[in-house]
Every structure is written in structure tokens, then in C-alpha cells.
Amino acid sequence: MGAFLIKDIMLLLRDRSELLILLAMPFLLIAILGFSLRGIFSGDLEALEMDIALVSEENEAQAVASIQNEIEEMGVPPEQTEALTQAAESASPQTMLVSLFEDESLSELITVERMDRAQAQQSLDEETVDAVITLPEGFTQKSLRNMLFGSKEGSELELLAADLSSPQTDVLDSILQEFVRTVNFEASISRLSGQESAAEVSGGIETITAREPITSFQYYTIGMAVMFVLFVGSTIAGQANLEQKQMVFDRIRLSNRSPLLYLSSKAIAASAIVTVQLALLFSLSALLFQTFAADSWAFWSGIAIISITLAFSVGCLAALMVAITLRLESDAVPAIFSGGVISLMAFVGGSFMPLDGMPEMLRAIGNWTPNGAALSAYFSWLLEPDLSQLMEPLMRIGIVAVVFLLLALALFPRKGGAA
Amino acid sequence: MLETDKLTKQFKDTIAVDDVSLVLKRGESVGLLGPNGAGKSTAIAMISTLMKPSSGDVRLNGKSVLKKPDDMRRVLGVVPQKIALYEELSAYENLKFFGRLYGLSGNKLEQRIEYVLELVGLADRKKELVKNYSGGMQRRVNLAAAMMHEPEVLIMDEPTVGIDPQSRNHLLETIRKLNRDEGMTVLYTSHYMEEVEKLCDRVYIMDHGKVIAEGTKEELKAILSDQETVLIEFDQNYPELFKKLSEIEGVQHSTIEEQSLKLIIPRGTRMLAALFHEAERYGAQVINVNVQTPTLEDVFLRLTGRKLRD
């Protein structure tokens, strides 16, 4: 096995054109795409600027007064009544929300204008505002009851956006989620597109303060890395084809070595090359573009786990391609794979752009490609280094790898005997 | 030691090897002579256990190797017609890889590499990449790689195709040394009659997939023992004269080569006077006349009606 591995790696190291494809090309693309598409990702705040309309369907002062009456009718001691009445006044959620948008850090990005519902809908239709936040009738009352009396009554905000999938809407949604969490409401925010009628949608609350957004360099370092590791498969299959053509494969067969040893050495060589390739791309990108700020062992361990799983999967893919190449006695398989299939896999896997706006079926296919599943795993780890979040994408990569391996074993021409 | 019994290989409608039975005794050097397309390489592939025959058997020391090729592969060193090496690796790296495949390691591996490199005369250039070698040097490494595991039988498929005379001589000398000094059994296929004549004790002649003659060189030449070859060189080509001379009574075979005419005639026939007389009538100038004993090439010509390199 060692002899095969050393030979395969030496051959790759001496093939400058392959090295260029496997290492220099992705690095060049990371640099080009990382710099040129910086604005699309969170690195450029201008891209997130938005105007919103705030619609209040209640009289805030009346709602606060009504709660204050309820406090007085509760028959609690006068000191407590006074404290609760003051709290109701100062913690009015409507006032807090407006102050949140007036905060220095958000006011640069978000401009808020108070409107009535009809005006807001018209502005949304005319695209003079990007979204409408509506505080429905009873919102303040329900929220204050929640806060002060611990009632389990849910209160809800309504978010109406022209484009639900835009990054701006995502940011606004996250801000509102954080807002409701901060004021400790048992509330949900209903998200509706501009064309839909208002319907309540409850969703989980996520924290936006614990995660940094993914930068363009992070996106393309990972996107290009998971795409270019696939070329290792065609490189290894191309090598096998050359070995067959030049009768070196026959020499290997004459040495009485098990044909499966040859196949497994190809898979292991491919896995080893992918591991080194990923390590080089990530570390170079981190050094030159400061792609990954996290420098803890825990962070890099997660990256290593994903990379090794991906490398295993590409190894199995390489074995499958070797098996088909040797069976067909043709170099068509590596040529077609590197000439078109990789680009297709990279596209559905999300290497070129996020697939958020793409059809569900395309995203599902992408999730079952080794590169697409690895991309999800890397992003998930970047956003929240939680091992349990990795299980699903890693399992998908593993299942696909096993399928590749079984197919490779079934298709590999076992010319162990006189064949 | 090694024998084939009615070995046949059929590809769809074409019979590449037809009922071929060969025997190689230990320490023998046997030639398989035939023109391109005669079926030599297919026969070699089957003997080497790399191709399954359509019918027939291959036996090593009396045991069939078709189902269990391991024993055969252990004793075989195969030098294919192609350069079966990694061009991007040096000769040393190639030999190390193939040596390790045969389970060699450490000092034993290094010593074996040194030995085979000395044998093929490339010890001083072992670090150069194979792609930078001349064709002849590549063929020598091709032989060295087949020698790494100390095989008992060396099977060579046209090992001198496309190389310079110096490399060819070196290669032939190496093979002769291996056979005569080290007792290695050799099966040598070629369409170069002079190589087979120089190296081999016994010869099988193949054409159109069949063995058409076999025996020692002397036995084969005895086929033509009652004949002799007359080679007449003229100052230029005389098509009409050459046709006339070929038709003289007693001429058994004739070949025209530019301005030369080769005739196979019965030994002891007094035909030269008639030939000169006819040439004089045509006003042709004879430059040289050579009466030869038959070669294997002549035997092949007689048996098949065509030349080895046709």
C-alpha cells in the first residue's frame, strides 16, 4: 500500500499543470471572487441599508394607561403599585422598538418612518420602503401583561417585506428576533411577503449577537475549496487510465498484488491529497486574507473533522471513477467529470453563490453532493461551532461516500485471474 | 518447464491465435518469429496470464496456470512492447516501486536495484526522469523493471522496436548474458530475423495466428538445405529483365529489391551462366553476385511467400 501511495503522490507533485488546477487556481478564484463580491456579503454595510415603515394600530398612551388601571385594581401595596406603574410607562415596547432603530449603530443602516397601514402598503408597493413593521392592536397591552404579570398571552409583531429572501430582510428579521428576546416576550414575529395576506407565523428565536456573518472571503474560500477537491477524483482516474494504456497496470497485475489493493490505494491517495489541499487552501487563505479570525484549537478541530470527512468522500468518488475508467478502458470518464460534472456539482452545491433563492429540488440535490454537504457543514461551523449541528451534513457526506465505494467495488474489473 | 497446449484466442470474427502449442525447456532461449499482426503479442499476453484464452491451456511445470496464475506470475519477468514505466519518475524510483510490489525492501531492494541498473548499463544515470531518456535507454529500464524479482523466465515482446543500433546491441548482449551466464529461460518475440538468429536456440515461426514451423535454427534452415540463394545486384532496376529472370526454369522464388534480385534456386544448379547471358541481352550491368546459404528470413519467405517486415 505504501509503495502505491508514495508513487501516486510523487506523480502528482511532478505534474505542474495538475498542481496548478488543484492549488493555484482555487486560490486565484478565492482572491478574485473574495475581493470583487465583498459588497454582496456582510463586509460592506452599504449593501444592507434599508428604509422601513412603522405602523402602529394602537394608541400607546391609552394601552399604558389601561395597564396602569389594571395594576391599581389588583390591590397590591401602594409602593408596588407605583413601581409597576412606572415600569409600564418606561418599558413600553413600542417606545423601546423606536429607540432601538434610533440607536447610533442601527440608524446608519435603517431609516424608520411612522405611517398608517394604507400608506405603508402603498410605499411598499411603490418600493419606496423595503419593509413594514406593524404593531397590531393590543400589542403593547399583551406585551406589558407578559412582562409585568407573567401572563402567557402571546403578542406578535408583523413584518411585511417586498423580498423575503433578501439579505436586508434577513438582517431586519434578526434584529426583531433579538428585540423580542431582549424584552423577554413570549412573542413571535410573523413574516409575510408583500403579496400575502396577514397570517400568523410562529418561528424559533435565534440570537444574532453570538455569530458573525459570513464574509465573501469565507464564502469563496470554502466554496472554491469544496469544488476544487473534486478535481482530485479526475486526476487520480486520469492516472489510472495512463497506467492502463502504458501497460503499467499489467505490470502491477503481474506482481500478484490484489487488484483491490490497487483500488484502495487510489482512494487513500485521493483522500490524502484532498486533506493536504484543504489544509493548504484554508491556511493560506487565513494567512493572506484573514479569512478565519478564530484561532482556537476547537475551531480548527471542527474544520479538520469536516475536511477529513470530505476527503474520505472524494477518495471514494475517485475509486468509483478509477473503476469505471478501467472497465471502459477509456479516458472519457475523467475528461467528462472535470470538463462538466464538477461545474454542475459546484453550482448545485452552492460553491458559486448561495442557493437560497433556488428551487427546493436543486437545493436538495446540492445537499446530497459531497461538496454541497461539506459547504453546509463548514458554514454551520463558522456561524455556530456546535458539533451537534454538524452531524446531519457529515452523515450525508458519509452516506454518499459509502454509495460511491460500493459502486466502485461492483464496477472494478477484478483481473486477478487470467483475464 | 513452460508449455502451451492448443492455445487459441478469438476476437469476434477474428482468430488472433490459432491452436498454438509451444514448449520452453529450462534454460532455453526460444524465439517467436513472425511479421506484425502474426499473433505473437496475443500469444505472449495469454502465456503471461494477462489474457484469458478462448481455448487451450498454459502450463508451468505441468500445472495449468489459467485458474491460479500466481505461481506463473512469480517466475515470470515480462518485458512488454510498450514502455511500461512511469515517465515522470526516475529509473531508480520506477525500479524501487516495482521492487516493493514484489515485496523487496531495505538493503535487498537497494542491492537489486543496483544490480539491474548495472546489468542494463544505466547505474550512472539512475536519477534522471524516464521521460528524459532516449528510446533505447527507456527500453533498457523496461527490461530492468521486469528483472527486479529475479524471474526464472523472461518473456520479451519486441523489446528492440524503434531503438538505435547501439542500444539494440546492448540489449541483445544483456539478454544473451542472462540466458547463457545465468541460465535464465527466455522467450523472445520479434520480427527481426537477425535478432532471433543471434539469440535463440530454437525458433517458432508464426503467421496469421498459427505456428507454421518450429525447430532449431539449423533444422529450420534445413528446410532450404537443397536450395541456395543468389543475390544479383544491377546498376539499376530492370523490371522486364527481373521478370524474365524470375521465370527461368528452376527458379523457386524471387524477390525484387530496388536494383537487386534475389532468387532461390536448387543447390548445385548451374544457372549463373544463363542469368548472365540474359542480362547481357538486355544490356544490363551486373555489379555484384552473391551466392548465400539460406537465412531464417529465406525460410520465412519460402513458407509464407512474404517477407517478415511486410
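The values are calculated or read from the model by the stated rules, or taken from the named source; none is laboratory data. Everything numeric here is computed off the predicted structure, so don't read it as measured data. Heads up, the Cβs are rebuilt from the backbone with ideal geometry, glycines too, and the neighbour counts pull from every protein chain shown. To get the accessible areas, we keep the full protein, side chains included, count just its heavy atoms, and leave off ligands, DNA and RNA. Shrake-Rupley method; radii C 1.70, N 1.55, O 1.52, S 1.80 Å.
Summary of computed values
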item: Pairwise burial A:B, computed as accessible area of each alone minus the pair, summed, 1.4 Å, Å²; result: 2700
item: Residues with amide H under 5 Å from that of B:Tyr282, placed H, sequence gap 5 or more; result: none
item: Label-to-label distance, nm, for residues given as B:Leu129 and B:Asp19 (7 Å Cα→Cβ offset); result: 5.2
item: Beta bridges per DSSP with both ends in the protein assembly as shown, % antiparallel, nearest 5; result: 55
item: Protein-protein interface of the stretch A:215-263, residues with accessible area decrease of at least 30 Å², isolated chain reference, 1.4 Å probe; result: A:Gln246, A:Met247, A:Val248, A:Arg251, A:Arg253, A:Leu254, A:Ser255, A:Asn256, A:Arg257
item: Note, ³J(HN,Hα) from phi for the stretch B:170-183, Karplus 6.51, -1.76, 1.60, rounded to Hz, x at Gly and Pro; result: 4, 5, 5, 5, 4, 5, 4, 4, 4, 6, 7, 8, 10, x
item: From phi via Karplus (6.51, -1.76, 1.60), per-residue ³J(HN,Hα) for the stretch B:60-74 in Hz, x at Gly/Pro; result: 10, 6, x, 9, 5, 10, 5, 8, 10, x, 4, 4, 4, 5, 5
item: Paramagnetic reach from A:Leu407 (point 7 Å along Cα→Cβ, amide N under 13 Å) across the stretch A:296-324; result: A:314, A:316-324
item: Area of B:Arg281 that stays accessible when all protein chains are in place (1.4 Å probe, Å², to 10); result: 150
item: Lysines with Cα under 26 Å of B:Lys131, excluding same-chain neighbours fewer than 8 positions away; result: A:Lys7, A:Lys245, A:Lys266, B:Lys82, B:Lys96
item: Gyration tensor (alpha-carbon) shape descriptor, chain B, a/c threshold 1.5; result: prolate
item: B:Glu173-A:Ile6 FRET efficiency (beta carbon distance; Förster radius 22 Å; 0.05 resolution); result: 0.05
item: Candidate lysines for bridging to B:Lys210, where Cα separation is under 22 Å - those fewer than 8 sequence places away on the same chain excluded; result: B:Lys6, B:Lys9, B:Lys12, B:Lys25, B:Lys40, B:Lys52, B:Lys221, B:Lys307
item: Apportionment of accessible area to carbon and sulfur, chain B, percent (1.4 Å); result: 46
item: Sites B:Glu114 and B:Ser54, calculated FRET efficiency, Cβ-Cβ separation with R0 45 Å, nearest 0.05; result: 0.55
item: Solvent-accessible area of B:His253 with every protein chain in place, 1.4 Å probe, in Å² to the nearest 10; result: 50
item: Spatial separation of Cα centroids for the stretch A:349-419 and the stretch B:144-182, in angstrom; result: 51
item: Projected label distance in nm at A:Leu344 and B:Asp201, using a 7 Å step from Cα toward the beta-carbon; result: 6.1
item: Kirkwood estimate for the stretch A:272-419, i.e. one over the average of 1/r between Cα atoms, Å; result: 16.7
item: Efficiency of FRET from Cβ geometry, A:Glu384 and A:Met96, R₀ 30 Å, rounded to 0.05; result: 0.65
item: Radius ratio Rg over Rh of the protein assembly as shown, counting only Cα atoms, Kirkwood formula for Rh; result: 1.27
item: Chain B: antiparallel DSSP beta bridges as a percent of all, rounded to 5; result: 70
item: 1.4 Å probe, heavy atoms, protein only - residues of the stretch B:92-130 losing at least 20 Å² accessible area vs chain alone; result: B:Glu93, B:Phe97, B:Phe98, B:Arg100, B:Leu101, B:Tyr102
item: Ellipticity estimate at 222 nm from DSSP helix runs (n ≥ 4, -39,500 (n - 2.57)) divided over the protein assembly as shown, nearest 500; result: -16000 deg cm²/dmol
item: Å² per residue, accessible surface of the protein assembly as shown at 1.4 Å; result: 46
item: Within straight-line cross-link reach of B:Lys67, aspartates and glutamates at Cα separation under 18 Å, skipping those fewer than 8 residues along the same chain; result: A:Asp250, B:Glu3, B:Asp5, B:Asp57
